[in-house]
Each structure stands twice: as structure tokens, then as C-alpha cells.
Amino acid sequence: MSGKEMMLGSVKDAVAFGANTFMLYTGAPQNTRRKDISELRIQEAHELMAQNGIEEFVVHAPYIINLANTVNPATYEIAVEFLAKEIDRATAMGSQTIVLHPGSHVGEGVDKGIASIVKGLNEGLNTVLTADTPVNIALETMAGKGSEIGRNFEELARIYDGVSHNDKLRVCFDTCHTSDAGYDIIHDFDGVVEKFDRLIGKDQIAVFHMNDSKNEPGAAKDRHENFGFGKIGFEPLMYIMNHPDFMEVPKILESPYIKDPENSKKSYEPFKREIAMIRNGKFDPKMREKVVEDNR
Ligand code: FE
Ligand code: FE
Ligand code: ZN
């Protein structure tokens, strides 16, 4: 959300892309500066959603939120405080899901990091959530770059184990990240889901990030690629897209913008073409060229 249109602008974009769900950041993804709830244009946004049959959308907390930081207490405090306010905003906007990166332990080790995340979620959730707050926190599966926590399902399960209000937790399953973390979603998505089901429960997946990856499985890199153009590929992603267990789960594209080969300063949103290709069910090797043409 940005500018004067805020949430209304997000819905306009989603409609223009041909989407039936969407994800937004409540401000810049890189910082925690946020406008007052009264300025978000929520009412108009919901009218446009209703007109276009969009029922559900997802909020993503900013990247810099790090509940796992035990080195700099200010980082942790900002994270707890921001999370509480983000829950208020998401409630006002009518989203049921806030996606959160569990955090990075910044060298202090997984155990300390997880303990800090659990403490932060307990503090954050206890101050604002009541039994009937309609918002859940979806912990994202991470690629495992740097000191990221959430590189495997066991780490997410440990967070569930520690959080007292864990009925308010969910998971955001990022396909690029799980592949980068070494799960074979290319050949055995059902086997990966089985593992997830045993540790956390597959009904806990509240959102998918449907990203392809620039890197081979297990690379622990986290570099997204356009849908079907990376090392995961179109068919494995479509298998997940159409999986009967997750038909009602929102699926979000976090694809990189496409650079104009004749003007390196320009890059274009790929979403309209990607969504059309997904609806069509057939890989279009010329998709990226078409995006560039559309914008010229
Ligand atoms: Fe994310
Ligand atoms: Fe993601
Ligand atoms: Zn990512």
C-alpha cells in the first residue's frame, strides 16, 4: 500500500492483474513507518473487492521485523510492538492472515533464536489478541540463508510448541524457500506435505507463496524466479496450484519484476501475464517478452 490510495490501490492492482486474492504490505516492506488506520481507505477497498469477487487477502509484515534478535534488544522490542499494531491494522482491514518471517538468530544459535521468537509472539499476541480476534500469524517457511530460522518444519513446530496462543499460528508455505531449503517439492510434493502434516498439520497452511527459484534444490539462497522459468518449473508448481488439499488456500505470486532488455533502469510487473498463463494451464516461454511489449 502506498500513496493516497493505500488499500484501495492494492485492490485496483489485484483487479487489473486478474487476481482473485492478493497480498499487501501495510506500508514500505523495508521499514515500520505506517499511516493511521483512518487513512487506509478500507471501506472503498472492500467495495471494489466485493464488486470483483475478491473475498480474502493476506498481509505481510515488513522484512526487518526480527523477533529472534537477542543481540540488539531494540530490534526485538520494535518487532513485538510492530506486530501488535499490525494485528490491529489487519483486523481493521479485514484480513485473517499476517505472514511473518520467524526471524534470524544473528549468530546466537537456533535455540536462543527460537526462544526469543516464542517470547516475542507470546508478548505480542497476549497484548492484543483475544479469543475472537479474527487474525492469525502465519510463520513463513524460509530458505535458510544466513541465520534464518524456519528452514525446516521442525523449527516451525518448536515455535508452535512454545507459543501459548498457538491456535493463532498458521504457516505460509513458500515454494521457492522450501525447495531452496532442500525439500523435494519438484518430484514429491505429497511426501513433503506428509512430513509437514506429521509435524504441524497440513490444515495449518493458510497461504502459499507460489514462487519459482533461480537456484537448485538445497541451495539455501532465496532468489525468486518468474513462474515456470526457474529450477522448480511450471508443472511442479501447477501440481501444487491445483492440489485438492489446498483448493481454498490463497496462492500468492512474489515474482521478480522483468527488466527491459533495452533500458536497464526499467522493470515491469509480471503478474497479469503470469496469472493468465496459470489460468490457461500451459507454460508460455515467451511470457517475459510479452510483459516487456505490454509496457512499451
Ligand atoms: Fe516472505
Ligand atoms: Fe515468500
Ligand atoms: Zn523469498
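The values are calculated or read from the model by the stated rules, or taken from the named source; none is laboratory data. None of these values were measured; they are calculated from a predicted model. Every residue, glycine as well, gets a Cβ built from its backbone with ideal geometry; the counts of neighbours run over all protein chains shown. To get the accessible areas, we keep the full protein, side chains included, count just its heavy atoms, and leave off ligands, DNA and RNA. Shrake-Rupley method; radii C 1.70, N 1.55, O 1.52, S 1.80 Å.
To one decimal place, what orientation-averaged projected area in nm² is obtained for the convex hull of the Cα set of the chain?
Values: hull surface 61.3 nm².
Seen from a random direction, the Cα hull of the chain projects 15.3 nm² on average.
For PHE57, enumerate residues with amide H under 5 Å from its amide H, sequence gap 5+ or separate chain, H modeled in the peptide plane.
Here the answer is GLN96, since their amide H atoms fall under 5 Å of that of PHE57.
Within region 57-75, whose backbone N sits under 13 Å from a point 7 Å along Cα→Cβ of GLU81?
From region 57-75, the list is 73-75.
Using only DSSP helix segments of four residues or longer, with each worth -39500 (n - 2.57), what per-residue ellipticity at 222 nm results for the chain after dividing by its residue count and rounding to 500? Provide the component values of the computation, followed by the final result.
Working: 10 runs with 115 residues, N = 296.
Using -39500 (n - 2.57) per qualifying helix, the result is -12000 deg cm²/dmol.
To the nearest 0.05, what FRET efficiency results for ASN52 and ASN72 with a Förster distance of 45 Å applied to their C-beta separation? If you can, show how the numbers build up before the last one.
Working: r = 43 Å, r/R0 = 0.96.
Once the sixth-power term is evaluated, E becomes 0.55.
Give me the extension gain from ARG198 to VAL128: residue separation times 0.36 nm, minus the current Cα-Cα distance, reported in nm with one decimal. The partial results should precede the final answer.
Working: separation 70, 0.36 × 70 = 25.20 nm, distance 3.04 nm.
22.2 nm is the gain from fully extending ARG198 to VAL128.
Would you mind checking LYS231/LYS259; LYS35/LYS282; LYS12/LYS85 for any pair whose Cα atoms are more than 31 angstrom apart?
On the way: LYS231/LYS259 19 Å; LYS35/LYS282 41 Å; LYS12/LYS85 25 Å.
Table pairs above 31 Å Cα-Cα are LYS35/LYS282.
Give the accessible surface of region 207-296 per residue, rounded to a whole number of Å², with probe radius 1.4 Å and ligands, DNA and RNA excluded. Spell out each step's value before the answer.
Values: 4990 Å² over 90 residues.
Roughly 55 Å² per residue, with all protein chains present.
Taking +1 at the Cβ of each Lys and Arg and -1 at the Cβ of each Asp and Glu, which of ALA157, SER267, ILE185 sits farthest along the dipole of the chain towards its positive end, judged by Cα position relative to the Cα centre?
Ranked along the dipole, the leading option is SER267.
In debye, nearest 20, what is the charge dipole magnitude of region 33-162 about its Cα centre with +1 on Lys and Arg Cβ and -1 on Asp and Glu Cβ, if you could check?
Working: 11 positive and 19 negative charges, 70 e Å.
Roughly 340 debye, rounded to the nearest 20.
Determine the per residue accessible area of region 83-144 with all protein chains present and a 1.4 angstrom probe, expressed in square angstrom. Before the final figure, lay out the partial values.
On the way: 2070 Å² over 62 residues.
The answer is 33 Å² per residue.
Please work out how much length the chain gains when fully extended from HIS187 to PHE283, using 0.36 nm per residue of separation minus the C-alpha to C-alpha distance, in nm with one decimal.
Residue separation times 0.36 nm, minus the Cα-Cα distance, leaves 32.7 nm.
How high is the FRET efficiency from ASP245 to GLU293, r the C-beta distance, R0 41 Å, rounded to 0.05? Display every interim value, and only then the final one.
Values: r = 37 Å, r/R0 = 0.91.
With R0 = 41 Å, the Cβ-Cβ based efficiency is 0.65.
List the lysines whose alpha-carbon lies under 17 Å from that of LYS251, not counting same-chain residues fewer than 8 positions away?
The qualifying lysines are LYS202, LYS272.
Of all accessible surface on region 5-105 at a 1.4 Å probe, what whole percent is carbon and sulfur? Please report the intermediate quantities before stating the final value.
On the way: 2150 of 4330 Å².
For region 5-105, the apolar C and S fraction of the accessible surface comes to 50 percent.
Give the accessible area for ILE37 in Å² (nearest 10); use a 1.4 Å probe, count only protein heavy atoms, and leave out ligands, DNA and RNA.
Answer for ILE37: close to 70 Å² accessible.
Please give the per residue accessible area of region 7-50, computed with a probe of 1.4 Å over protein heavy atoms only, in Å². Walk me through the numbers on the way to the answer.
Details: 2180 Å² over 44 residues.
Result: 50 Å² of accessible area for each residue.
Normalised by the number of residues in region 71-145, what is the relative contact order in percent for Cα pairs under 8 Å and 6+ residues apart?
Numbers: 58 pairs, mean separation 34.4, N = 75.
Relative contact order for region 71-145 comes out at 46 percent.
Say each of ASP88 and LYS265 gets a label point 7 Å from the Cα, pointing the same way as Cα to Cβ; how far apart are those two points in nm?
Going by the 7 Å Cα→Cβ label model, 4.1 nm.
Rank-order 251-259, 48-56 by packing density, defined as the average count of other C-beta atoms within 10 Å over each peptide's residues, highest first. Could you put the intermediate results ahead of the total?
Numbers: 251-259: 18.1, 48-56: 14.4.
Per-residue mean Cβ counts within 10 Å order the peptides as 251-259, 48-56.
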